[in-house]
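Down below is the structure, laid out as structure tokens.
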There are 2 protein chains.
Amino acid sequence: MASHGVRGRSGGRPTLEEVAARAGVGRGTVSRVINGSPRVSDATRAAVEAAVEELGYVPNTAARALAANRTDAIALVVPEPETRFFAEPYFSDMLKGVGSELSETEMQLLLIFAGSDRERARLAQYLAAHRVDGVLLVSVHADDPLPDLLTQLEIPAVISGPRSAAEPLASVDSDNYGGARSAVEHLLSRGRGRIAHITGHLAVYGAQRRVDGYRDALRDAGHEVDEGLIEPGDFTEEGGRRAMAELLRRHPDVDAVFAASDVTAAGAGQVLREAGRRIPDDVALVGYDDSAIARHMEPPLTSVRQPIEEMGRAMIDLLLAEIADRRPVASRGLGRHQVVLATELVERRSS
Amino acid sequence: MASHGVRGRSGGRPTLEEVAARAGVGRGTVSRVINGSPRVSDATRAAVEAAVEELGYVPNTAARALAANRTDAIALVVPEPETRFFAEPYFSDMLKGVGSELSETEMQLLLIFAGSDRERARLAQYLAAHRVDGVLLVSVHADDPLPDLLTQLEIPAVISGPRSAAEPLASVDSDNYGGARSAVEHLLSRGRGRIAHITGHLAVYGAQRRVDGYRDALRDAGHEVDEGLIEPGDFTEEGGRRAMAELLRRHPDVDAVFAASDVTAAGAGQVLREAGRRIPDDVALVGYDDSAIARHMEPPLTSVRQPIEEMGRAMIDLLLAEIADRRPVASRGLGRHQVVLATELVERRSS
DNA sequence: ATCACTTGTGGGAGCGCTCCCACACTACCT
DNA sequence: AGGTAGTGTGGGAGCGCTCCCACAAGTGAT
């Protein structure tokens, strides 16, 4: 029976109640000050803040989470193994943007890898326990069940790269269509007339939009689109090699190639060189992503850059808005839930 | 599949109490089953498990954290900016080891960067709120206040790379002394007699131990140690260049160099080449870390490899033990709190 | 003077768990 | 017969917050 009377006062960390006693106010008032409510007089606020300072009070997150039913944490879910995460600068930039935007807030960021089946099962459990207020989904494949799981659990989520034009989740993307256009227009302005396109994996919506941009750029410049010059790839280096070989076989007169990714362009470049074509003299080459590989290729690769860091920031903005919105459950307006950011063509010696 | 809505009062997630009602037992019994207590009869356990399944019950982490005063989360604190984190394979390997070991448990891993002052302030706040049960500290500088903060807050912590021989925190390290010895012994066995050492930053304990290993290997082989052949560096490439230039000036007869890191070795290699020395013909070169750069140098660099992934696993093991230990507060035995893992010399063409 | 607001404040009632004490029951001694 | 363990089990008492209702005191219109 003596066990509790002592414990609170002398023992561990100070509680709200102790701060209240010290400041000579009620528990509710301290809570209001801590949470920045405007309905507190200046004098009271000062008294409470002094007590907080003196006692070194730090709110107990668990208690807050339990009472308020929120966690003040969001997760960045990477449906890839750690290895790829570290290999691709995409994630590093994204994380930088997300981190910088989040540092303005009280929110905590969790990084969760869901590459293996086991990790995915763990993630599902984690989400079911509602241990985060929202989720950032990057690099999601079209058939991934994760987005639907999130919808079902009613967890706010933002996806980078919508899965289709009708993506129900809030999303942030770069302007794939415009980026592709700028690449093709650049090649046209350099006097190239037989411009081929090696696509990305066409199950990815962004890859489709790049094809659309390619077609429209040609059409608007008065060229007719030769569908034979569009060769399907899959974003990989090997895919680039295969597609380029096929293009050279069917269309030996090709004088420019726009590849849907830098690594694809790298693969295409190898095949071109092996076939004795000089870059850019015989065939101009343009990639996409402006990754490190673009700068290190020989010759350095012209490429379409996406503002990845900015995309990370935009995702956070959307997600925080979504989380704040979740009170009026009915009013899920289809407002500004899709953000598209402009790309930029970085010209180098390959074109 | 039928989620709930029948028994649940107002549509939220099922609670312990609801599971108890469904299984026809008391709240305490369900808690015991959930937490794997052995003091439950098989029949009761089965009934509870069935109810959990039917209701799709998932424990509320916040409530658990509040009642039990633990979070089931640990943090991996990286006192570096994100950029370096991604640049160095060290962290990637470490994270892999940590993640794999942790996936056996219910623990959640948080990745926290504390490169800037602002991030550090945030981290301090975070730790003061006791939002994690323990902390993994990697790549800590000797004068970092973080370890002491953790001690003061009584948060279990494990450090990679002790700050001194008297490191009070539990620590995991690779055998810097033995690694250095093996490098020097290898050079001796290749018939080299004038072996120089470019050190790491000597404020780092591990760098000192490598110097010790260098000295003892020579001494034990019957050579006398020429202190002039020990040139201070700082783990960087530029430091390697500077130190090598100095060595060549003072000791033109040097026929082997053991550098405290691969990048240092790379810097030294440049200077050697510029001075017209061939590697390994005129001067043999050995690095430390066995990083990607070692494989990509010309000629490929012999290097001492540290088992980083395994170090990550060992850190988790130590930390979990420390966390489990914290109940008998008095019995802070100075048991096996220091783990040292063996290194391995990877021989390549530079020696 | 009354009424109707507004502003600031105190504190009760939970949130969903874990901990632990009390209480059956059983089994096996004396 | 009574004692003395040991095993399962139920449920009270919190953990430290937020939410919200009640209420005092002030302000202005009637």
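List of remarks:
- For A:PRO38, the distances from its label point to the matching points in the remaining copies are 6.1 nm, ordered from shortest, with each point set 7 Å beyond Cα toward Cβ.
- Per-residue ellipticity at 222 nm, computed for chain A from helices alone with -39500 (n - 2.57) per DSSP H run of at least four residues, works out to -14500 deg cm²/dmol.
- Antiparallel %, DSSP beta bridges [both residues in the protein assembly as shown], to 5: 10 percent
- Ranked from shortest, the separations from the 7 Å Cα-to-Cβ label point of B:GLY12 to its equivalents in the other copies are 2.2 nm.
- Note on region B:39-97: with charges restricted to the Cβ of Lys and Arg (+1) and Asp and Glu (-1), its dipole about the Cα centre is near 260 debye.
- Rough spin-label spacing in nm, given labels placed 7 Å along Cα→Cβ, for B:ASP220 and A:GLU49: 6.3 nm
- Cα-Cα P(r), chain B, percent of pairs per 20 Å interval: 26, 42, 22, 9, 0
- Accessible surface for A:PHE86 stands near 30 Å², nearest 10, in the context of the full protein assembly shown (1.4 Å probe).
- Peptide B:210-217 has a mean of 0 when you count, residue by residue, the C-beta atoms of other protein chains within 10 Å of its C-beta.
- Fraction of accessible area attributable to carbon and sulfur, region A:176-305 (%, probe 1.4 Å): 48 percent
- Within 10 Å of each Cβ in B:62-70, the average number of Cβ atoms from other chains: 5
- A:LEU341 paired with B:GLN152, simple spin-label distance in nm, labels 7 Å along Cα-to-beta-carbon: 3.8 nm
- Accessible area of A:ASP148 in the full protein assembly, 1.4 Å probe (Å², nearest 10): 90 Å²
- Listed residues B:PRO162, B:GLY193, A:ALA268: farthest to the positive end of the dipole of the protein assembly as shown (Cβ charges): B:PRO162
- The distance linking region A:249-266 with region A:129-167 is 34 Å (Cα centroid to Cα centroid, whole angstrom).
- Here the calculated FRET efficiency for A:ALA165 and A:SER100, from their Cβ-Cβ distance with R0 = 30 Å, stands at 0.50, rounded to the nearest 0.05.
- Taking 0.36 nm per residue of sequence separation and removing the Cα-Cα distance, the B:HIS141/B:ASP281 pair yields an extension gain of 46.7 nm.
- FRET efficiency, B:ARG295 to A:ALA324 (Cβ-Cβ, R0 45 Å, nearest 0.05): 0.35
- Dipole orientation for the protein assembly as shown: of the candidates B:LEU123, B:PHE86, A:ALA128, A:ALA128 has the Cα lying most toward the positive pole (charges on Cβ; Lys, Arg +1; Asp, Glu -1).
- Only Lys, Arg, Asp and Glu carry charge here, each on its Cβ (+1 for the first two, -1 for the last two); on that basis region A:170-255 has a dipole of about 160 debye about its Cα centre.
- Distances between copies at A:GLY222, taken between label points 7 Å from Cα along the C-beta direction, are 8.9 nm in increasing order.
The values are calculated or read from the model by the stated rules, or taken from the named source; none is laboratory data. Since we're looking at a predicted model, the values are computed, not measured. So basically every Cβ, Gly included, is an ideal-geometry build from the backbone, and we count neighbours across all protein chains shown. Accessible surface areas use protein heavy atoms only, side chains included; no ligands, DNA or RNA. Shrake-Rupley method; radii C 1.70, N 1.55, O 1.52, S 1.80 Å.
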